[in-house]
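Here's the structure we're looking at; comments come further down.
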Amino acid sequence: MSIIKLNNITHSYSNAMILNNLFLEFEKNKVTYILGESGSGKTTILRLIAGLEIPQKGSIFINNRIVTKGETIIVQPEKREIGFIFQDLALWPHFTVYENIAFGLKQRGKKHIEETVFEILEFFGLTDYSKKFPHQMSGGQQQMIAIARALVLKPTILLMDEPLASLDVKSKRKILKFISLLMKKYNLTIIYVTHDHREALKYADNIAVINKGILQESGSVEQIKNSKNEFVKYFLEY
């Protein structure tokens, strides 16, 4: 069952084509990796789904509800039940761990903020660090803070833009396994952008391969492994 559909999406920056007539669907409660070289349009797909950018052409559906039609935003970003973890994490350096996680709740006028924040801090094993600042935490712990900050708003979809790229292999594996646990606990649909095909083949349910803004192929890990598409075969070799 598809939770997100991108229909005939075309998007460009300063007349440079980024996505070209893209049709792509994402299954509910699955982890889908988007693979492609730098500049292929991977991050742009996430930003369009989140409503942070607007396509020149095409429609985006979430839960069978149209959220973007052409250059018109129909459902505002904050109403889409989406969590977004950026590559640079975007943690507030002058906020404590507690304040970083509570920020979104305060912005949306939620109740029982302290209780909610400490509940997720406990789940992530970060309770003892609530008064520390991001620079006092390890890289892996900062990743956990960013994920916790996104999940505290209880999204149904989690978008991840290579947030683990700077971590060592051991820390990355630990967090990727943890992400699988999160998906089941929170009934999440996760879309994860990366250029690392080995990581995708190991942790994904589904994979979409993009080249220069054009979808080359999407499907299960086995389908991608056995693809006849020349670019997909090339990309999985290097």
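Per-structure values
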item: Inter-residue pairs, beta-carbon under 9 Å, first more than 15 Å from LEU24 (Cβ to Cβ) and basic (Lys, Arg) and in segment 41-68, second outside any helix (DSSP H, G or I) and open to solvent by 30 Å² or more (accessible area, probe 1.4 Å), 6+ apart; result: ARG65/ILE74
item: GLU78 surrounded by 12 or more Cβ atoms within 10 Å (Cβ to Cβ) and over 20 Å from the mean Cα position of the chain (by Cα); result: no
item: Scope segment 33-43; condition open to solvent by less than 10 Å² (accessible area, probe 1.4 Å) and either of a type outside the set (Gly, Ala, Ser) or part of a strand (DSSP E or B) (or both); matching residues; result: TYR33, ILE34, LEU35
item: Yes/no for LEU24 being more than 20 Å from PRO163 (Cα to Cα) and open to solvent by less than 60 Å² (accessible area, probe 1.4 Å); result: yes
item: Selection count where residues are of a type in the set (A, V, I, L, M), over 21 Å from LYS185 (Cα atoms) and assigned to a helix (DSSP H, G or I), scope segment 80-132; result: 1
item: Filter result for the condition that a residue is open to solvent by 70 Å² or more (accessible area, probe 1.4 Å) and of a type in the set (Ser, Thr, Tyr), over TYR98, TYR129; result: TYR129
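The values are calculated or read from the model by the stated rules, or taken from the named source; none is laboratory data. Here the structure is a predicted model, which is why all the values come from computation and not from measurement. Heads up, the Cβs are rebuilt from the backbone with ideal geometry, glycines too, and the neighbour counts pull from every protein chain shown. To get the accessible areas, we keep the full protein, side chains included, count just its heavy atoms, and leave off ligands, DNA and RNA. Shrake-Rupley method; radii C 1.70, N 1.55, O 1.52, S 1.80 Å.
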